[in-house]
Amino acid sequence: MSTGITHFLHEILNPKSVAIYGANNSGASLACIQLMNLIISDYPGKIYPIHLKLDSIMGFPAYRTLDEVPEVPDVVIIVLPPRIVPQIFKECAEKGVKYIILISGGFRELTSDRKNDLTEQIIKIAKDHGIRFIGPNCLGVFNNWITEEEGKAFNISIWERLKRNKFSIASQSGTLSSHIFFDPENLDLGLGKSISVGNEANIDIVDCLEYFKDDEQTKVIGLYIEEIKRGRKFLELAKEITPKKPVIAIYGGGSEAGNRALTSHTGSMAGDKRIYKAVFKETGIIETSKVQEFLDLALALTKGYLPRGKRIGIITNSGGPGTMLANTAESEGLIVPELSEQLQQELKEMLPPIASFKNPIDVTFDMNLPYYYITLPEILMKSGEVDVLIQYGVVGFQDVMDKYLEHERIAQHAEFKKQDPEKSDELAKSLLQPTLKNAEKYSIPIFYISPQNFNSPWSSRLRQNGAILFKLWDRPIPLIKKLCEYSEFKQTHA
């Protein structure tokens with residue numbers, strides 16, 4: 001799938017053919033798992049397994065050597081013992097291969113008396129023959145945009161099907177580029193592209209930033225950083241990108257234990273955490289140290305959720321969560337304004353007598369769903385008195401009633417029945433879509449909170465209709481704070 005990009009990483013992420021060293025039929029190798037990932041992702045290109053003894057691997061004809069492959073593969077994937085990798089690089093050079101993904105470990109991350117010069121050997125071979133390579137010690141790449149139609153991917157790193165999105169990752173940790181997506185049922189984010197750069201012997205984080213900067217299939221960029229080798233270029237690129245595209249980053253070093261782990265992990269020399277914090281602040285990169293927040297930020301930003309200010313409107317059907325939301329918001333530097341007399345009067349005329357209408361707005365136990373889901377949010381969005389909305393208590397009471405009906409005695413005497421799933425689908429759509437359209441119309445992001453199971457039928461329906469849903473009320477506040485900070489940066493650096 002072409003986007004007119006000439007950057008070499010576009011060629012690596014969109015190959016028409018790949019050769020893979022190290023795969024077999026037993027499943028007892030990382031290379032075999034990566035080959036199976038290509039299969040389950042419906043990779044549309046040609047696949048050439050290379051094995052000295054096997055004639056067929058996963059139904060594909062296997063070749064003894066790369067020289068026997070009937071064409072020059074666009075990309076070669078290598079998962080072999082490190083000592084023989086330089087020889088494979090030479091074979092790739094002789095074949096005319098231009099791009100390699102080197103999964104194998106055992107290079108610069110080795111320490112003590114196990115040091116070796118394998119990295120220097122492959123760097124020299126690649127330089128002499130014009131080869132660009134990702135790795136070593138990486139998990140490869142993922143591209144959900146390899147075809148016009150969704151459903152096919154170039155994927156050697158993730159064993160799940162993921163919906164397509166415009167969030168792309170470059171990571172010096174394979175885990176942060178792939179493992180966090182192994183539970184797609186609990187993620188509404190999806191993924192566009194992911195590059196695990198490993199030890200960065202040839203291709204680094206800066207190369208990835210250069211590529212994502214102009215990639216129209218990337219709207220939000222995520223980074224996991226252990227070290228930055230080209231600091232000046234990184235700063236230059238980040239300053240150019242962040243006013244146009246959000247960049248979210250996790251820095252993996254800073255503590256003594258963390259730095260020790262990095263040295264053994266990728267051979268990186270970690271820097272002072274204060275330096276990275278200063279770099280992120282100067283360039284407008286959104287920093288987080290929490291993986292869940294990293295994913296929350298990516299979800300909100302890919303949906304275009306950027307508040308224009310820090311004023312939070314809170315709608316709840318329970319006093320305690322509303323109070324906690326307000327306290328937490330103010331402690332994080334956000335504003336929970338008391339609503340104007342005019343707006344309070346408008347709400348007072350519509351809310352139940354026991355309701356609170358100053359902000360937080362507590363409707364207590366009110367079963368008027370259209371009013372709760374649509375009317376109240378719209379009134380606040382139109383008022384111009386808030387910049388963000390949080391709505392607690394979007395509970396699917398029909399789910400609760402259906403659960404009660406599983407008990408024999410209740411089912412025997414209850415005068416209510418299970419609701420038809422199609423009617424529940426229609427109800428969720430009718431309640432959510434008007435408000436989400438208003439959120440876009442008025443540029444007021446809305447975040448929902450439900451104490452129910454995240455994968456309950458009603459919660460799933462809300463999520464499928466586009467709601468950003470949380471289970472507990474303290475989780476959205478730090479997220480909103482960082483969205484507000486980035487919005488302020490963008491407004492002053494446009």
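The values are calculated or read from the model by the stated rules, or taken from the named source; none is laboratory data. Just so it is clear, the model here is predicted, and its values are computed rather than measured. Don't worry about glycine lacking a Cβ; one is built from the backbone with ideal geometry, like all the others, and counts go over all protein chains shown.
Structure values in brief
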item: Selected residue (criterion: surrounded by the fewest Cβ atoms within 10 Å (Cβ to Cβ)) from residues of segment 43-57 that are in contact (Cβ under 8 Å) with a residue 24 or more places away in the chain and more than 16 Å from residue 27 (Cα to Cα); result: 44
item: Cross-chain or 6+ apart pairs with Cβ under 7 Å, segment 428-448 first and over 13 Å from residue 380 (Cβ atoms) and touching a residue at least 60 places away in the same chain (Cβ under 8 Å), then aromatic (Phe, Trp, Tyr) and assigned to a helix (DSSP H, G or I); result: 431/373
item: Segment 390-422 - residue that is among the aromatic types (Phe, Trp, Tyr) and more than 30 Å from residue 335 (Cβ to Cβ) and, of those, nearest to the chain's Cα centre (by Cα); result: 397
item: Looking only at segment 162-206, and only at residues there that are farther than 12 Å from residue 142 by Cβ and of a type in the set (S, T, N, Q), the one that is surrounded by the fewest Cβ atoms within 10 Å (Cβ to Cβ); result: 186
item: Scan of segment 309-355 for residues that are at pLDDT 95 or above, assigned to a loop (DSSP other than H, G, I, E, B), in contact with a strand residue (DSSP E or B) (Cβ under 9 Å, 6 or more places away or on another chain) and of a type outside the set (Val, Ile, Thr), ordered by number; result: 309, 310, 334, 337, 339
item: Close pairs (7 angstrom Cβ cut-off, 6 or more residues apart or separate chains): in contact (Cβ under 8 Å) with a residue 60 or more places away in the chain in segment 67-90, assigned to a helix (DSSP H, G or I) and surrounded by 20 or more Cβ atoms within 10 Å (Cβ to Cβ) anywhere; result: 75/12; 77/34
item: Test: residue in segment 95-116 that is within 33 Å of the chain's Cα centre (by Cα), under 26 Å from residue 5 (Cβ atoms), among the hydroxyl-bearing types (Ser, Thr, Tyr) and part of a loop (DSSP other than H, G, I, E, B); result: no
item: Selection status of residue 454, buried (at least 16 other Cβ atoms within 10 Å of the Cβ), touching a helix residue (DSSP H, G or I) at 6+ places or on another chain (Cβ under 9 Å) and closer than 25 Å to residue 220 by Cβ; result: no
